[in-house]
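What follows draws every value from the coordinates through simple rules; no lab data is involved. Predicted, not measured: the structure shown is a model, and the values here were computed from it. Note that each Cβ is placed from the backbone with ideal geometry, even for glycine, and that neighbours are counted across all protein chains shown.
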Amino acid sequence: MKAHVLLSPHNVDELYFTGKNTVVIDVLRATTVINTALINGAKEIIPVNTIEFAMKVSGNAFGGQTILAGERNTKKIDGFTLGNSPLDFTKENVEGKSIILFTTNGSKAIVKAKFSENLFLCSFNNLDAVAEHLVKMNEDFEILCAGSNGMFCIEDTVCAGKLVRKIQKLKNEIVLTDAAKASLELNKSFGKNVEELLKDCEHGQKLIANGFEEDIRYCAQIDTLNSFGVYESGSIKLHKNK
Ligand code: MLT
């Protein structure tokens, strides 16, 4: 079992993921939002990589069970029902709904990895659930950090390091690439107080400036969710333990 970490989506194209097991991480806030929405009963999340495509998909959907969600520059997009704040993806707002989601980095990273054989979504809130599943699969995997506008961001890499550490503890013969080793070291240095890390990082600062400090506290919680999203044929559904 070998673990590799892609520190940003920038250096790989869509075909890189063909046949791979991939875990996408966008702690602030897309994968936290998706995992939360699914646990709160959303039927599915449809990630899209442009706002235009979000409008097109919603135009083809029928009935009141489909909603548009997402952000531009952290704020809700005009005409969309929800933004990208995990606190808005409550049972009341999402139960039974198909949610079309556009975000600056997270939904794009998921769409980029769509040719993966298996594609899972991880955030600080569900590390245990993802780690246990990967150990059960016992296959090589890639962790794709969504980053920020194609660049490295520390919070996704620390989350990747925590995931690798949990897997190491469950199974000690895991092989690590250099980037996976680096994520472990970053977790050691910056992962002790996740809330502080999220408040201090560049995107966290932007969220605070735009009034989303509550979201940071939510995104910093460790292992409060007991499952994870799985992407298949264009939509993300909640993994059901068999
Ligand atoms: C993203 O996908 O870039 C983020 O989720 C942005 C945000 O915090 O809304």
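Explain nothing, just compute: Karplus ³J(HN,Hα) = 6.51 cos²θ - 1.76 cosθ + 1.60, θ = phi - 60°, for every residue of the range 6-12 in order, whole Hz, x for Gly and Pro.
Values, residue by residue: 8, 6, 7, x, 4, 8, 10 Hz.
What do you get when you divide the Cα radius of gyration of the range 75-191 by 2.2 N^0.38 Å, with N the number of residues?
Ratio of Cα Rg to 2.2 N^0.38 Å: 1.19.
Starting from the 7 Å offset along Cα-to-Cβ, what nm value, one decimal, do you get for the label separation of residue 87 and residue 226?
Reported label-point gap for residue 87 and residue 226 is 2.6 nm.
GluC sites (Glu not before Pro), restricted to the range 158-222: which are DSSP loop and have at most 16 other Cβ atoms within 10 Å?
Of the GluC sites (Glu not before Pro), the ones in loops of the range 158-222 whose Cβ has at most 16 other Cβ atoms within 10 Å are 173.
Given H placed 1.01 Å from N in the peptide plane, which residues other than close sequence neighbours of residue 235 have an amide H under 5 Å from its amide H?
Under 5 Å from the amide H of residue 235 lies no amide H from a residue far enough along the sequence or on another chain.
Relative to the Cα centre, what is the charge dipole magnitude of the range 2-233, using +1 at the beta carbon of each Lys and Arg, -1 at the beta carbon of each Asp and Glu, and rounding to the nearest 20 debye?
Value, rounded to 20: 100 debye.
If one computes the Cα centroid of the range 54-113 and of the range 124-176, what distance in Å separates the two points?
Distance between centres, Cα-based: 25 Å.
I'd like the FRET efficiency for residue 117 and residue 206, computed as 1/(1 + (r/R0)^6) with the beta carbon distance as r and R0 of 41 Å, rounded to 0.05.
On the way: r = 35 Å, r/R0 = 0.84.
With a Förster radius of 41 Å, E is 0.75.
Under a point spin-label approximation (7 Å from Cα along Cα-to-Cβ), what is the residue 15-residue 235 distance to one decimal in nm?
Each label point lies 7 Å from its Cα, and together they span 3.0 nm.
Mind checking which of 238, 110, 30 is farthest towards the positive end of the chain's charge dipole, using Cβ charges of +1 (Lys, Arg) and -1 (Asp, Glu) about the Cα centre?
Farthest towards the positive end: 238.
Could you tell me, in Å, what Rg and Dmax come out for the Cα atoms of the chain?
16.5, 50
I want to verify a result. In a Gaussian network model of the chain, Cα cutoff 10 Å, which of these has the top mean-square fluctuation: 107, 189, 85?
The residue that fluctuates most here is 189.
Does anyone have the angle between helix 127-137 and the longest principal axis of the chain? Alpha-carbon axes, 0 to 90°, nearest 10?
70 degrees
If I take every Cα pair under 8 Å that is 6 or more residues apart in the chain, average their sequence separation and divide by the length, what percent do I get for the relative contact order?
33 percent
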